[in-house]
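Have a look at the structure below before the remarks.
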Amino acid sequence: MVMMGPVLGFFYVLILPFIGMAMILTVVARQIGHMLSDAFGATAAFGWRPVEAYLMSHRKPASATSSPTRKRPRWSAREGVMYTLFDFITQVKGAEYLIAVSAVGLFILFWEVLKPKPFRSMIDTAKAISSRSAGVAALHRC
C-alpha cells in the first residue's frame with residue numbers, strides 16, 4: 001500500500017500536462033464561443049422572453065367525450081410536462097438526493113475494497129448479530 005504512493009504520483013506527473021492542455025483548450029473554446037455569440041447573437045433572435053413563465057402546457061381543452069370527473073395529473077412522466085415550478089424543483093431535488101446517496105454508498109464500497117481484507121468487519125458483525133438473534137429465539141421457545 002505504501003508503494004502505491006510513488007506510483008500514483010508518477011501517473012499524476014505524466015497526466016498533468018494533458019490536464020493543462022485541456023484547461024487551455026477549454027478557455028480558448030469558451031472565448032471563441034463568446035466572440036461568435038456576440039457576432040451572430042443579434043441575427044439569431046428566437047423570441048425568448050425569460051421574464052414570462054409559461055408553466056402550463058399550450059394544449060387545447062379536453063373534448064366533450066372525455067369524462068368530466070377524471071382529473072389531469074399534476075406531472076406525467078409520459079408527457080414530460082411540468083405545470084409548476086414546484087414540480088420542477090421537486091424532481092430536481094429528488095435526483096440530487098439519489099445521486100448524493102449513491103455517491104456515499106459507492107464511497108463506502110470503494111473504501112471497503114481498499115482494505116487488506118475487504119468486507120471482513122461487515123461479515124463478522126453479521127455473524128455476531130445472527131448468533132445473538134438465534135440465541136434469543138431459542139430462549140423464547142422454552
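Which members of segment 22-41 meet the condition of being part of a helix (DSSP H, G or I) and of a type in the set (G, A, S)? A22, A29, G33, S37, A39 - these are the residues of segment 22-41 that are part of a helix (DSSP H, G or I) and of a type in the set (G, A, S). Is it the case that some residue within segment 95-102 is aromatic (F, W, Y), within 22 Å of M1 (Cβ to Cβ) and surrounded by fewer than 11 Cβ atoms within 10 Å (Cβ to Cβ)? No, because not a single residue in segment 95-102 is aromatic (F, W, Y), within 22 Å of M1 (Cβ to Cβ) and surrounded by fewer than 11 Cβ atoms within 10 Å (Cβ to Cβ). The listed residues are R49, R70, R74, R59, and the only one of them that is basic (K, R), at pLDDT 55 or above and out of contact with any strand residue (DSSP E or B) (no Cβ under 6 Å at 6 or more places or on another chain) turns out to be R49. For segment 2-21, the count of residues that are among the β-branched types (V, I, T), free of Cβ contacts under 8 Å to residues at least 40 places away in the same chain and not in a helix (DSSP H, G or I) is nonzero.
The values are calculated or read from the model by the stated rules, or taken from the named source; none is laboratory data. In this text, all values refer to a predicted model and were calculated from it rather than measured experimentally. Neighbour counts run over all protein chains shown; Cβ positions are idealised from the backbone, glycine included.
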